[in-house]
């Protein structure tokens, strides 16, 4: 009888500890997502105010706003689904490389052969996106393993 009581007490304490641990992890997860989202909004607003202060926006500025948009969408999707959308990270990288290429050409006004490395990297990232999309369509993840 004492053995059964101890086993039930052990199960209850494990259940309580597991529930409390999940609460702490979920709370940190939500707090971190809000902090990241707030930082993205803050940075985007600051960049926008700098553009309006200049009186004009360059293509570099517009691409920066697209990067903020993609990061915000990524945080929103992660907040709703609890899954990191890897494709959005690739989109951010592609936009950042495009921004870097445009600003490099604008600054130096003489594109050299080495500038072709950036479009090559963008092509590799586009192919990686294609592979990820094909893989997720052809081999979808099992929903039962992702549920709590």
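The values are calculated or read from the model by the stated rules, or taken from the named source; none is laboratory data. Since the model is a prediction, treat every value here as computed from it, not as a measurement. Because the Cβ atoms are built from the backbone with ideal geometry, glycine has one as well, and the counts that use them run over all protein chains shown.
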Only one of (1) more than 30 Å from residue 134 (Cβ to Cβ); (2) assigned to a helix (DSSP H, G or I) is not met by residue 77, so which one is it?
-> (1)
Given the conditions (1) under 29 Å from residue 117 (Cβ atoms); (2) buried (at least 16 other Cβ atoms within 10 Å of the Cβ); (3) at pLDDT 90 or above, every one holds for residue 37 apart from (1)
Using beta carbons and a limit of 6 Å, which pairs, at least six apart or on different chains, have the first residue in region 111-127 and surrounded by 11 or more Cβ atoms within 10 Å (Cβ to Cβ) and the second one at pLDDT below 90?
-> 111/105; 118/101
Could you give me the residue pairs with C-beta distances under 6 Å whose first residue belongs to region 129-148 and is on the phi > 0 side of the Ramachandran plot and part of a loop (DSSP other than H, G, I, E, B), whose second residue is modelled with pLDDT under 85 and surrounded by fewer than 10 Cβ atoms within 10 Å (Cβ to Cβ) wherever it lies, and which are 6+ apart or on separate chains?
-> none
When the residues of region 61-86 are filtered to those that are surrounded by 14 or more Cβ atoms within 10 Å (Cβ to Cβ) and in contact (Cβ under 8 Å) with a residue 40 or more places away in the chain, which remaining residue is farthest from residue 125 (Cα to Cα)?
-> 79
